[in-house]
Amino acid sequence: MDFQVFLFFALLILGFILLVKGADWLVTGATSLAKKLDISELAIGLTIVAFGTSAPEMVVNVFAGISKHDEVVFGNVFGSNVMNTLLVLGISGLIYPTTVQGRTVWLEIPFSLLGALLILFFVNDQFIYGSESTILSRWEGIIGFLFFCGFLYYVANNLREETISEVERIEVFKLPKTILLLILGAGGLAVGGRLTVNYAVDIAYYFNLSEKLIGLTIIAIGTSLPELATCVIASLKSRSDIAVGNIVGSNIFNLLLVLPVSAIVSKLNYNESLNLDMGIFMLGTILLFAFTFTNRIRKINRWEAATFLLMFIAYFTYLWIRQ
């Protein structure tokens, strides 16, 4: 590997680190400021903390959309959701059998499937309407965001205690430190997003790979690392009950917040070959729903977790063969 390629990968990894740390600093600083202003903890949880968890994916997609790397945008979202469902839940379930809460089974999983169907309906203009092009327009982005607001309403009414307790853990700092965290967070996200998009695309060009493949693999893995770390730690502490809720929630955020906001900033051209990748995500989600009925206590056992992992390995292998 020559020095140029090494530099590309080093700067890409730096971009991922800045994205993750930037989101953390921004959420901490903004929450500290909101608490100082006596804003309710529920409101903070529904806005600052909720949006902050999807900040890395959103920033990467906004930069990619502005630069017209539209396949990176869709690849990042679809790839992240596949990683979350098959890889993260597979690893978490192998460490410790994963409990699925009732509201996740009957509300959150169906809502994530609804979000996937909505996006598929929006982007398959050629198949549905016979249009000459397939795009995700700004108006469709706005409609998707309105669906996301409906999900936030559900969170406010059904996950009030969990949302508030998450905010309560964040410390209130003195004003100078709060402002510093806000500046560092915003700067980290901006620089990290730019580095991630630029050098992921450079790597694609260098190795003659498609931007779609880079979005579905390298960028998706990088932006999914926080979810992987959170769920693995929860499983190691035998708190696997929060893993599935976090993952399904993250998938909904990606489909109905990250992708719509990206489209609102700049309309996105869609490659219909990505329908297969969305189909893999939906298949994994349907299996997750089905696995909750294989025993009385709604647990994803190790055999079922292994099924997710094997599906991910097969999918990942297919991506490179397809390329």
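Derivation of every value follows stated rules applied to the coordinates shown; laboratory data play no part. What you see is a predicted model, and the numbers here were worked out from it, not measured in a lab. Because the Cβ atoms are built from the backbone with ideal geometry, glycine has one as well, and the counts that use them run over all protein chains shown.
How large is the dipole of the chain about the Cα centre if only Lys and Arg carry +1 and Asp and Glu carry -1, each at its Cβ, rounded to the nearest 20 debye?
That gives a dipole near 640 debye.
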How far apart, in nm, are two points set 7 Å out from the Cα along the Cα-to-Cβ line at GLU132 and at LEU152?
3.8 nm
If the chain between ALA306 and LEU283 were fully extended at 0.36 nm per residue, the gain over the current Cα-Cα distance would be 6.7 nm
What are the DSSP H helices in the chain that stretch 20 Å or more along their long axis, judged by alpha-carbon atoms, and whose average Kyte-Doolittle hydropathy comes to at least 1.6?
109-123, 275-291
Under a cut-off of 23 Å between alpha-carbon atoms, report the lysines in cross-link reach of LYS35, not counting same-chain residues fewer than 8 places apart.
LYS21, LYS174, LYS177
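Let me check I've understood the local charge: for ALA64, count other residues with C-beta under 9 angstrom from its C-beta, Lys and Arg +1, Asp and Glu -1. What total comes out?
-2
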Report the net charge of residues surrounding PHE253, where surrounding means a beta-carbon distance below 14 angstrom and charges are Lys +1, Arg +1, Asp -1, Glu -1.
-3
The exposure ranking of ASP202, ASP2, fewest beta-carbon neighbours within 10 Å first, is ASP2, ASP202
